[in-house]
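Student: Supplied in structure tokens, the structure appears directly below.
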Amino acid sequence: MDFTYLAPPEDAHRVAHTDYYIKHGEREKASRKIYEGVTYSQYEQEKIQELKQEIAKRNIILPRGFKESDYLKMGYSGRFKMVDVIKKLEANIQWRMNPLYHQLSDKIVAFLQTGIIYTIGRDKQFRPIVIFNAHLIDTKKYDKEYIIQSLSFFMGIVRNYMFIPNKVENWIFILETNGIGVSSLPVKALGVVIETLTLNFAACLEKMFILNPSTTLNFLWNVVKGWLDDETKQKINFITKKQINILQEQVDKNQLETQYGGTVPTQKIFWPPYNLDLRDGYTKPTPPMMQIEPEVVNKFEKNVNQIEQTEKIQQVEFVQQEEQPQKVEKIEQVYVENTVVHPMPVEKHYEPQEEPVPQNQQQQQKSLKMNRQDSEENENIKFTIDQFIMNHQQMYIGPKEPTVQDEEKQIHYEAQQSAAQQSAAQQSAQFRQPEEEQQQQIHIPQKPDSNRQSVVTITKISPEDPQEQIPEQKIPEVEFQDPSHGQKGCCSTTCIIF
């Protein structure tokens, strides 16, 4: 069963206690109300360490969840006398390890439905109020063990669900006697109740109000309290009907039943516990976030759908980008094999379809390939002739001094080279007709003091049939024609270009 609906209101989390309330007094005579989230005194820390050493010495096995505050509570329950503390600790361990005291059963439910013990309301510091109707206990029907089981389970719910560590760690206990005499009072049953609360719920009692005591019981109390310390006497209060205002000083009227001078109707249903902070006493209110208008819900769902669609599109684009490099590489390879030129730039997301190449286009591609090879051979031949002429001039004419004509020749040569490369690139890209006949003339510069001039002319004519294989290039013999040929000092040797 879920008892979280019994949780204190939000205002209880803002409770601020004074230092005196948290702890006052010194050493073994001190009194502490708050144990969680506070700093213990030097004396308390020493006693905790002493208790731990004694537990280790006696090989006592502690149950799971035994906290630092539990050591200190056991110490205060025995007033730090180690013999009494160990005795109470061993009894508390047996109580903790017995599942009958912590599990809800039909037998316990039947006991709680009688109203012998129940909770209703909180005091001004949000401490829960527990009411115990002693006059309803039938010792013939409820034995000691039955009372301990029912009381242990119920008080465990109050401590576990109605407390807030460091804020609310105590309860108010109202013992209703209903005016019965000492002879009719279930003294043994009350002894069981007090022993169970003191031993297993140590340091949880804030105040006990004994309501409507008989004259005899009130007289006995006045006798007994003379031997009690001030702290205990402040916790226990005997109140008659005429003194009910003392209870109202501790608890507001809207948290008290009408039988105690409050405004809350007297309870007739005692189990499950009733929470005055809830509208029906049991159901927690629906959080504001759950109460949303339909228009807001529809708008939210629409936005969620748009976000999901956007994410799907992004995922598809990401997958395409991952696969695209392989496709581009494949396209470039096919294009190079078909065109035997450098691949053209391929746009992203473009995959050309492979179509059969016509026979006429195949012939043009083959002719273009042969013409490109011829152009490269002509360039090589021209470079070889140029080198030969320069060597010949140095051997027979003498070293040549650089002139303005040489620089113009060099510029003209570089311009021809650049024009030839651009023409070849354009023809390769546009699949144009084979290149036209090219003639190149190389002029041999003459020595400034000589009248000799030599001209070498090389003519390259493309074959009429593009499919015919071009034989290996051979350069014919070239004879240098000079006006002084045959005279003294002329070139009497025919120069062959290789």
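Student: Using Stokes-Einstein with the Kirkwood hydrodynamic radius over Cα pairs, what translational diffusion coefficient do you get for the range 92-153 at 4 °C and a viscosity of 1.567 mPa s, in µm²/s rounded to a whole number?
Tutor: 100 µm²/s
Student: If amide hydrogens are placed 1.01 Å from N in the peptide plane, which non-local residues have theirs closer than 5 Å to the one on Ile174?
Tutor: Amide H to amide H, under 5 Å and 5 or more residues apart or across chains, Ile174 pairs with Val130, Ile131, Phe132, Phe209.
Student: Which whole number in µm²/s is D for the range 165-261 by Stokes-Einstein, with the Kirkwood Rh taken over Cα pairs at 10 °C and 1.306 mPa s? Walk me through the numbers before you get to the answer.
Tutor: On the way: Rh = 14.7 Å.
Answer, rounded: 108 µm²/s.
Student: So how do Tyr161, Tyr76, Tyr20 rank on accessible area, 1.4 Å probe, biggest first, that is with the largest at the start?
Tutor: Working: Tyr161 80, Tyr76 20, Tyr20 145 Å².
Descending accessible area places them as Tyr20, Tyr161, Tyr76.
Student: For the range 9-69, what is the accessible area per residue in Å², given a 1.4 Å probe and the full set of protein chains? Write out the running numbers ahead of the final one.
Tutor: Numbers: 4150 Å² over 61 residues.
That works out to 68 Å² per residue.
Student: For the range 76-128, divide the Cα radius of gyration by the Kirkwood radius and give the resulting Rg/Rh value with two decimals. Let's see the in-between values first.
Tutor: Numbers: Rg = 16.4 Å, Rh = 14.3 Å.
Answer for the range 76-128: 1.14.
Student: Also: In terms of solvent-accessible area of protein heavy atoms at a 1.4 angstrom probe, what is the ranking of Tyr413, Tyr35, highest value first? Could the numbers behind the result be given before it?
Tutor: On the way: Tyr413 50, Tyr35 5 Å².
Ranked from most to least accessible, the order is Tyr413, Tyr35.
Student: If you average the sequence gap of Cα pairs under 8 Å that are 6 or more apart and divide by the length of the range 60-136, what percent do you get for the contact order? Let's see the in-between values first.
Tutor: Details: 44 pairs, mean separation 12.9, N = 77.
Over the range 60-136, the number comes to 17 percent.
Student: Once amide H atoms are built 1.01 Å from N in the peptide plane, which residues 5 or more positions from Lys23, or in another chain, come under 5 Å H to H?
Tutor: The list, which skips near neighbours in sequence, is Lys33.
Student: Over the heavy atoms of Ile164, what accessible area does a 1.4 Å probe trace out, to the nearest 10 Å²?
Tutor: Rounded to the nearest 10, the figure is 20 Å².
Student: Keeping every protein chain in place, order Asp123, Asp106, Asp2, Asp280 by accessible area at 1.4 Å, biggest value first, i.e. largest first. Write down the numbers at each step before the final one.
Tutor: On the way: Asp123 10, Asp106 135, Asp2 95, Asp280 70 Å².
So the residues, ranked largest to smallest area, are Asp106, Asp2, Asp280, Asp123.
Student: On the full set of protein chains, 1.4 Å probe, figure out the accessible area of Phe270 and give it in Å² to the nearest 10.
Tutor: Phe270 has an accessible surface of roughly 40 Å² with all protein chains in place.
Student: Right, next: Structure shown: which of Lys88/Lys207; Lys88/Lys242; Lys23/Lys268; Lys52/Lys233 lie over 29 Å apart, alpha-carbon to alpha-carbon? Each step should come with its number before you reach the end.
Tutor: Numbers: Lys88/Lys207 22 Å; Lys88/Lys242 39 Å; Lys23/Lys268 39 Å; Lys52/Lys233 32 Å.
Distance filter (> 29 Å) returns Lys88/Lys242; Lys23/Lys268; Lys52/Lys233.
Student: With every protein chain left in place, what is the accessible area of Tyr260 in Å² (1.4 Å probe, nearest 10)?
Tutor: 10 Å²
The values are calculated or read from the model by the stated rules, or taken from the named source; none is laboratory data. What you see is a predicted model; the values in this text were computed from it and never measured. Remember, those area values only see protein heavy atoms, side chains included, never the ligands or the DNA or RNA. Shrake-Rupley method; radii C 1.70, N 1.55, O 1.52, S 1.80 Å.
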